[in-house]
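Chemist: Attaching a single structure in C-alpha cells format; questions to follow.
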Amino acid sequence: MYTHLISAHQLQALQASGAPLMVFDCSFDLANPAQADAMFASKHIAGSVQAHLDRDLSAHSAADAVNGGRHPLPKRELFAQTLRRLGFENTMQAVVYDRNGANYCGRLWWMLKWAGHDAVAVLDGGLAAWEAAGGALGSGPAPARAPSGFQLGLELRRWVATQDVAARLEQPAQTLIDARGAPRYRGEVEPLDPIAGHIPGALNRPFTDNFGADGRFKPASQLQAEFDHLLAGRDPATVVHHCGSGVSAVPNLIAMELAGHAPAPLYAGSYSEWSRTPGLPTAQG
C-alpha cells in the first residue's frame, strides 16, 4: 500500500501486477477551468480517469459544502457519491497526479484520506516523470465505468473552520503556514480574493518550495531541515496549513508528513474564506 508518494517505476510495476488500482488525472488551470478537459483529452496516463477540481472535488452550492471559500469541500457523502460514479472501490490503490507541480492532485489525496481511504499516493514528479519513465499514454475522454459501492471510513485527516482559526489567532497553540506565493502573502498582488495580504501571524512557505528541480519532492531530511528553520522552535503539533482556497496547501501538508511529523489539519476555507468574513483582521508585508 502506498500512502504518500509513488514513483513512476513503482506505478508501472503496480499496473503490471494486476493489483486493484485507479489512477486519477487532476490537471487543472485556475484561470481557465475548461482547459482541464482539453489537457486530459490531449494526453494522460493510459487508463486513468479525470478528477476535475470544480466538478468533482469542490461543492457546487453552499448547501452541499462544509466550509466557505473559493473551492469549498463537498460534504463527505457527496464526495463518496462522486467516487462511486467514477467506479472507485474501497479495495483499490489510488494514485493521483497532475501536470501542475502537485498543486491540484494533492487535493484528491487529502480528500480520499478524509473519506477514510489510506491507500492513496501522489505520483512523484507528475505526468512529466511518467513520460520520462516511458509510461504508456492515452488520449481522448475517459470511458464510462460501472458505478462502485464505495463506503466512507473514519476520517484520516481533519480540517478546521474559520471560527477555530480565529479563536486561536496569534496564540502559541496555533501556527499557521500559508502556502501561497510570497507576493500574494505580502499583499503586493491579489488576483482572486477581495483583500490583499495574509492572516496575521501566519508564516509563509510557498508550496513550490517542497520540490527539487526535477519536480519531485525533496528528500525527507531536507524537508525536515527546512520546516525546522521555518518553525524556528514552534511546536510542529500546532501547525495548521492553508493557502488561498485549501488546494495548494496540501503539498506543504504532505511534505511535513514526509519529514516525519504527524498529520496537521487543513484550514479548508483558507484565505479566500478568511478575507470574505466580516470583522477578521488581515496583515500586509
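The values are calculated or read from the model by the stated rules, or taken from the named source; none is laboratory data. Everything numeric in this text was worked out from a predicted model, so none of it was measured. For neighbour counting, all protein chains shown are included, and Cβ atoms are generated from backbone atoms with ideal geometry for every residue, glycine included.
Chemist: Please work out which one of (1) touching a residue at least 60 places away in the same chain (Cβ under 8 Å); (2) in contact with a helix residue (DSSP H, G or I) (Cβ under 6 Å, 6 or more places away or on another chain); (3) closer than 14 Å to G106 by Cα; (4) in a helix (DSSP H, G or I) is the condition E273 fails and give its number.
Modeler: (3)
Chemist: Take the residues of region 230-260 that are in contact with a strand residue (DSSP E or B) (Cβ under 7 Å, 6 or more places away or on another chain) and assigned to a loop (DSSP other than H, G, I, E, B): which is surrounded by the fewest Cβ atoms within 10 Å (Cβ to Cβ)?
Modeler: That would be R234.
Chemist: Next question. Tell me, which helices (runs of 4 or more DSSP H) lie completely within region 1-72 with 2 or more residues that are within 25 Å of R276 (Cβ to Cβ) and modelled with pLDDT of 95 or more? Let's see the steps before the verdict.
Modeler: Working: elements: 8-17, 35-42, 53-56.
By residue number, 53-56.
Chemist: Test G106 against the criterion of being touching a residue at least 12 places away in the same chain (Cβ under 8 Å), on the phi > 0 side of the Ramachandran plot and within 14 Å of the chain's Cα centre (by Cα), and give yes or no.
Modeler: Numbers: touching a residue at least 12 places away in the same chain (Cβ under 8 Å): yes; on the phi > 0 side of the Ramachandran plot: no; within 14 Å of the chain's Cα centre (by Cα): yes.
Spelling it out, it is not the case that G106 is touching a residue at least 12 places away in the same chain (Cβ under 8 Å), on the phi > 0 side of the Ramachandran plot and within 14 Å of the chain's Cα centre (by Cα).
Chemist: Please specify each residue of region 87-124 satisfying the condition of being among the hydroxyl-bearing types (S, T, Y), buried (at least 22 other Cβ atoms within 10 Å of the Cβ) and out of contact with any strand residue (DSSP E or B) (no Cβ under 6 Å at 6 or more places or on another chain).
Modeler: Initial filter on region 87-124 (among the hydroxyl-bearing types (S, T, Y)): 91, 97, 104.
Remaining after also requiring buried (at least 22 other Cβ atoms within 10 Å of the Cβ): 97, 104.
Correct list: Y104 only.
Chemist: Oh, and also: With the structure loaded, tell me whether E131 is in a helix (DSSP H, G or I) and loosely packed, with under 15 Cβ neighbours inside 10 Å or whether it fails that test.
Modeler: Numbers: in a helix (DSSP H, G or I): yes; loosely packed, with under 15 Cβ neighbours inside 10 Å: no.
No.
Chemist: OK, next. Return the total of residues in region 40-86 being at positive phi and crowded, with 19+ Cβ neighbours inside 10 Å.
Modeler: Residues flagged as at positive phi and crowded, with 19+ Cβ neighbours inside 10 Å within region 40-86 amount to 1.
Chemist: Now, a different point. Could you please let me know if D214 is in a loop (DSSP other than H, G, I, E, B), surrounded by fewer than 15 Cβ atoms within 10 Å (Cβ to Cβ) and either at pLDDT below 95 or assigned by TED's automatic domain parsing to the domain that holds P183 (or both)? Please lay out each step first, then the result.
Modeler: On the way: in a loop (DSSP other than H, G, I, E, B): yes; surrounded by fewer than 15 Cβ atoms within 10 Å (Cβ to Cβ): yes; either at pLDDT below 95 or assigned by TED's automatic domain parsing to the domain that holds P183 (or both): yes.
In short, yes.
Yes or no, residue by residue, for (1) aliphatic (A, V, I, L, M); (2) farther than 16 Å from G269 by Cα; (3) without any contact (Cβ under 8 Å) to a residue 24 or more places away in the chain; (4) touching a Lys or Arg at 6+ places or on another chain (Cβ under 9 Å):
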position: A46; (1), (2), (3), (4): yes, yes, no, no
position: D64; (1), (2), (3), (4): no, no, yes, yes
position: F79; (1), (2), (3), (4): no, yes, no, no
position: L86; (1), (2), (3), (4): yes, yes, no, yes
